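The structure appears below as structure tokens.
The values are calculated or read from the model by the stated rules, or taken from the named source; none is laboratory data. Quantities reported herein were computed from a predicted structural model and do not represent experimental measurements. As a convention, Cβ positions derive from the backbone with ideal geometry for all residues, glycine included, and neighbour counts pool all protein chains shown. Surface areas here come from the heavy atoms of the whole protein model, side chains and all, with no ligands, DNA or RNA. Shrake-Rupley method; radii C 1.70, N 1.55, O 1.52, S 1.80 Å.
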Amino acid sequence: MSRNKKILIAVGIAVLLGAIAYANFAFTRQEGTEVNVETIQKRDLQAIVSASGKIQPRTLVNISADTMGRVTDLRVEEGQRVQKGDFLLQIDPRNLTTAYNQSQASLAASRSTMEQLRVAIDGTKTNLKAARDNFARQQQLWKQGLTTREALEAAENQVKVRESDLASQERQIETQGLRMQQEQAIVENAKLNLSKVRIEAPITGIITRRNIEEGETVVIGTMNNAGTVLLTVADMSVIEAEVEVDETDIPTVQLGQKAKITIDAMPGKSFSGKVTEIGNSPIQATASAASQATNFKVKVTVDGEIPDVRPGFTCTAEITTATRQQAIAVPIQATTVREMIIDKEGNTVRDETNGKKSRRPTPQVQDGDLKPGQERKELEGVFVVRDNKATFVPVKTGIAGEKYFEVLSGTAVGDQVIIGPFSSVRELRDGAPVKIEKPLTGSGSGGSKT
């Protein structure tokens with residue numbers, strides 16, 4: 001065999017091998033957009049509304065002074081536990097004690113005057129009886145002709161004078177009785193004012209704030225000027241998380257729903273509770289915060305006591321608004337919105353040109369090209385991989401979990417939905433060829449935080 005012939009055979013073999021390799025590569029290469037997919041499974045889902053706020057006791061009492069004066073005795077410190085009725089502080093009682101003593105003395109004088117009037121009226125009644133008896137005798141003597149008209153008329157006039165004296169003294173006793181009632185009211189008021197200088201604990205709890213020192217003068221409040229808040233007593237046996245819930249979430253929050261509370265000052269711990277109050281009116285925003293979102297106050301009562309908690313601690317409440325057991329779920333990042341053509345029965349009309357390979361954008365069907373009964377409508381859905389193509393499937397979703405949506409209709413368990421990359425999901429067309437990079441099955445359940 002000649003040298004040239006051998007060279008030709010070698011070149012032919014090389015060309016043949018290259019053709020085989022190219023054919024194999026062309027056969028195995030899958031054209032289309034590279035995507036990540038996840039297989040749909042059934043999962044346990046929780047819809048959770050998360051809101052932040054402050055820890056507050058259910059019962060909080062601000063103690064202010066009802067009388068002005070200097071604090072002469074202060075028995076409590078901030079953080080001290082007190083029982084209902086315990087002595088807390090006293091305001092200088094001297095002026096009020098003097099007023100009370102004066103009112104008592106005035107009442108005693110009024111009572112003495114009343115006794116004198118009663119003794120006097122008894123004498124007047126006796127005199128009146130004697131005058132009437134004398135007049136009766138004069139009448140008998142006049143009938144017998146044994147007395148003069150002047151004596152009879154004098155006896156009659158004496159009766160009228162005694163009756164007038166009795167009526168006058170009765171009115172004096174009545175007036176004195178009213179005066180005694182007034183004096184008694186003054187005594188009661190002075191006694192009440194004197195009792196206000198001694199302040200006792202209205203509830204059992206902890207002194208969470210003390211704004212006064214012994215020797216300082218307290219000021220009582222008026223309509224336009226708030227008085228001095230001396231002490232704050234909080235009953236920490238029942239505490240609440242007062243959180244602000246966004247207006248978009250408030251319709252899903254209901255009384256009695258369970259919640260998990262975490263406190264920033266107590267990392268690593270969580271506490272259970274339930275919703276006990278939902279505000280009907282939005283929280284009033286200040287002028288500087290007028291552009292902020294509208295929030296509503298929600299109170300979550302914590303189960304049990306928390307020994308180390310203090311009013312005002314920052315907290316977060318995660319309220320479980322809905323749960324689903326073994327629901328068909330799709331990843332949240334898989335959902336998207338596309339404008340589709342819908343026929344009069346509500347079925348999706350596929351564009352036959354979308355699946356064809358073309359380097360130029362596929363022209364959109366114009367409204368004038370729609371058939372009778374068809375319309376364009378934006379639908380929420382997912383892209384499902386079928387026959388190496390991205391098929392847009394409209395879905396009806398239920399509750400939203402932390403990572404997954406509940407699917408009420410549209411997809412089934414085992415479907416492979418496209419979850420990324422984000423740019424691919426955003427730009428995919430219905431029927432576009434795709435190439436799967438790595439299928440994902442997902443794991444765990446999907447709680448929700450909104």
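Summary table
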read-out: Sequence of 404, 100 from largest to smallest accessible area, 1.4 Å probe; value: 100, 404
read-out: Sorted peptide list for 308-314, 39-45, criterion being average Cβ within 10 angstrom, highest first; value: 39-45, 308-314
read-out: Estimated FRET transfer efficiency (residue 59, residue 98; beta-carbon r; R0 30 Å; 0.05); value: 0.20
read-out: Surface accessible to a 1.4 Å probe, residue 64 within the full protein complex, Å²; value: 50 Å²
read-out: Protein-only accessible surface order, largest first, of 297, 160 at 1.4 Å; value: 160, 297
read-out: For a label point 7 Å along the Cα-to-beta-carbon line of residue 237, residues of the range 80-96 with backbone N under 16 Å; value: 81-86
read-out: Separation of alpha-carbon centers, the range 390-435 and the range 246-286, rounded to whole Å; value: 32 Å
read-out: Per residue value of the accessible surface for the range 236-278 (all protein chains in place, 1.4 Å probe), Å²; value: 54 Å²
read-out: Value in Å of the Kirkwood radius, where the range 105-191 supplies the Cα pairs that are averaged; value: 15.2 Å
read-out: Residue-normalised accessible area of the range 62-178, given per residue in Å² at a 1.4 Å probe; value: 65 Å²
read-out: Sulfur and carbon atoms: percent of accessible area, the range 86-176 [1.4 Å]; value: 48 percent
read-out: Rounded if a/c under 1.5, otherwise prolate or oblate - the range 156-273, Cα gyration tensor axes; value: prolate
read-out: Cα→Cβ-extended label distance, 7 Å offset, between residue 370 and residue 73, nm; value: 8.7 nm
read-out: The range 256-337 shape via C-alpha gyration tensor axes, a/c threshold 1.5; value: oblate
read-out: Relative packing of peptides 387-396, 170-179 - highest average C-beta neighbours within 10 Å first; value: 387-396, 170-179
